[in-house]
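The values are calculated or read from the model by the stated rules, or taken from the named source; none is laboratory data. Remember, predicted model here, so these are calculated numbers, not experimental data. Backbone-built Cβ (ideal geometry, glycine too); neighbour counts: all protein chains shown. Just so you know, the surface numbers come from the protein's heavy atoms only, side chains and all, with ligands and any DNA or RNA stripped out. Shrake-Rupley method; radii C 1.70, N 1.55, O 1.52, S 1.80 Å.
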Amino acid sequence: MPAEMTVHAKLTEIANNLWWSWQPEVDDIFRRIDPIRFTELSHNPVQLLKEYTPNKLEKRCREEVLHSKINWAFRRFKEYLASDSTWGDTHAGLLNFRPVAYFSAEFGIHESLRVYSGGLGVLAGDHLKSASDLGVPLVGIGLFYHEGYFSQAIDENGWQQETYTEVDSETMPLTVLKGPDGKEIIISVETRNEKIYARIMHVMVGRIRLYLLDANVPQNSDEIRSLTARLYGGDQTTRIRQEMLLGIGGMRALEAIGINPRVIHMNEGHSAFAGLEVIRQRMHKDGMTFDNALRETAASGVFTTHTPVAAGHDRFDGGLIDYHLGPMGDALGLDHHGLMALGRVDPQNHHETFCMTVLAFKTSRRANAVSNLHGVVSRKMWACLWPWRSEEEIPIGHITNGVHVNSWLATQMRVIYDRVLPAEWFLRTGEPEVWAGFEQVTPGELWETHQALKARLIVYMRSCLMKQAARKNASDSELADLSEMMDPQALTIGFARRFAPYKRADLILHDAKRLARIAHDANRPVQFIFCGKAHPADEIGKSILQKIVRLSETDEFRGKIVFLEDYDINFTRHLVQGVDVWLNNPRRPLEASGTSGQKVVLNGGLNFSVLDGWWAEAYDETNGFAIGDGHIHANDDIQDQRDAESLIDVLENQIVKIYYERDTDDLPQDWIMRMKHSVKTLGWRYNADRMVMDYVTGTYIPAAGGESAEMRMMP
Ligand SMILES: *Cc1c(COP(=O)(O)O)cnc(C)c1O
């Protein structure tokens, strides 16, 4: 009989698959082993377990009575990996031997793996998790940034400071892929003058394999070794090289591993060079002409565009393209102008730079935006690529983003779901009937659960503020003040996201006097928690952030507005699970979708948002609150002024009123009705299972050459 595995061996196996990160019971096991250390290690169980010998861990698990929990988790883990009766088995069998290759420059799966900066990455992470749960044959391809995205601290002037820390890949849930000879597999991409080498880091995300390319190998010069150090850092040269590695290197990595994807899904244009490598391989292996290879490649290409903001579309000048893509052009039989034409709206226009989004459109037959409104905007924006078509006929559909339920739903809220929704509801999250059961939850129970989650957020917020202050040598009395910051009973509004200027984090401050008056109403107090990072090169974003930090330090707003440093997935989780209201006020129509508000929905918080992105199609007048009426003014200042007025009017006249209207049991019945309505009408639709199912039936299966059961996506 084989020897029984030690708890150390079982937990190590679990920790090396990020599946654990969306299993609250497993998270709880790691936490119980050593809560303080686990937090210090950014909830990284691989690193935690390295600090324990099997014997020491055995003893610790006995003290905490964890053995049966561990055995149960281990059994569930094994069953999950082995299951062969998934949604994907019946709906995506066509992809079984040749999966979808999902390319993304960032993946936000868990706070301990810092290869993401914001919404795009978290969306990619949620996509992998749902693909895993659904059993969709898919592999992820990205880059391994060994310094990740930056850590944020705010200095005494309220200005953002960035620091980067080198991660030790030994303490990450990664393995370096090796060939049959036991040596690391090394792939390369070539520029005119050098080769860029990379190894392949393998990450398990449930059933899904994610491959991250890492240029930090001895074969490279020192300069190239730091190519993949940072996410979205560096200049245009770094950028084009990273994108070459992601697209071309990514395809070569798949080839080296022995994966021949049937469908290429480009999550944003960063990976569009992948199409060129597919074309090259077809010409080389199948003897096709360039035109035929392009047509075939595009037929199996899927492209998701993510932003109408111009700066979000990478452009490279002819010199950069020639230096870096010259060898590829030669292999494709294209001269400089032929190559440039692939990234130009007008192939004849020699003044046009090379745009990755244009390349992505030209190398994929199926393209989609990420919300209904973003679809309309994208068709208008890219109509220039199909000048012979009318705007409605532009072939860009939409699949609205969604979030991975298990990753964002609070454990206490799940208890309610388990009781009022049908058994195994989590396997059917895309069905409205399943969510209709939420009607049955009693108002008192929903309210108490929500209040408990909010209290937890307030405690967490205080501990973050105290840590921030301690780093700045705050006095004991200052720390004592912070330990009582904010009122767990007060209406609490959250705002957390990247501080990109179009997101207008400071919109609520347009009329600071009026805001202060509303916030300080003794009977109906209101408080705000802000959190988020500005891109290191974004001076405007940083000055918006500074404005909020400085205001939070004034006598008028102390205790009414707080700013929490170093936003990450862990902050998101606390915030979206605990706030009453989630504020989102981008300048319409620049928020392609937005997803953070969807995370709030699952936990009973209400959205308060500009009618942009997903909210423009989701809002029904009782499932949350709207800022403005969807009208867009050509003048930004006028638009901002109007939205700011609408924001504060709705806050004062609707939100505060309804929230504080209590019955004899001190329950806000109207508010609770809205919470229930929000979960019921939005939960089934804005989750990542529904999103991935839409991608499978609407794009992957058709791109793989099969019939699709339902075409929800294309206009
Ligand atoms: C969900 C999430 C986002 C997306 O936020 P939006 O408000 O939708 O832009 C960004 N960053 C993190 C860490 C997230 O978890």
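For the reader, a short list of remarks on this structure follows.
- Pick from segment 320-332, criterion farther than 15 Å from THR297 by Cβ and open to solvent by 10 Å² or more (accessible area, probe 1.4 Å), ranking: nearest to the chain's Cα centre (by Cα): LEU320
- Spans of helices (runs of 4 or more DSSP H) in segment 324-406 with at least 1 residues more than 19 Å from ASP314 (Cβ to Cβ): 336-341, 372-381
- Selection over segment 368-379 of residues that are within 30 Å of LEU320 (Cα to Cα) and in contact with a helix residue (DSSP H, G or I) (Cβ under 6 Å, 6 or more places away or on another chain) gives a count of 2.
- Reported count of residues in segment 481-515, each being over 17 Å from LEU583 (Cα atoms) and of a type outside the set (D, E, K, R), is 6.
Yes or no, residue by residue, for (1) open to solvent by less than 50 Å² (accessible area, probe 1.4 Å); (2) under 23 Å from the mean Cα position of the chain (by Cα); (3) among the small types (Gly, Ala, Ser):
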{"position": "PRO347", "(1), (2), (3)": "no, no, no"}
{"position": "HIS350", "(1), (2), (3)": "no, no, no"}
{"position": "THR363", "(1), (2), (3)": "yes, no, no"}
{"position": "ALA367", "(1), (2), (3)": "yes, yes, yes"}
{"position": "LEU373", "(1), (2), (3)": "yes, yes, no"}
{"position": "SER378", "(1), (2), (3)": "yes, yes, yes"}
{"position": "ALA383", "(1), (2), (3)": "yes, no, yes"}
{"position": "ARG389", "(1), (2), (3)": "no, no, no"}
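- Scanning segment 618-631 for residues that are at pLDDT below 95 and either hydroxyl-bearing (Ser, Thr, Tyr) or open to solvent by 80 Å² or more (accessible area, probe 1.4 Å) (or both) yields ASP629, HIS631.
- Pairing each residue of segment 165-187 that is outside the structural domain of PRO45 (by TED's automatic domain parsing) with any residue that is open to solvent by 80 Å² or more (accessible area, probe 1.4 Å) and assigned to a loop (DSSP other than H, G, I, E, B), provided the two are 6+ apart or on different chains, yields C-beta distances under 9 Å for ILE186/GLN219.
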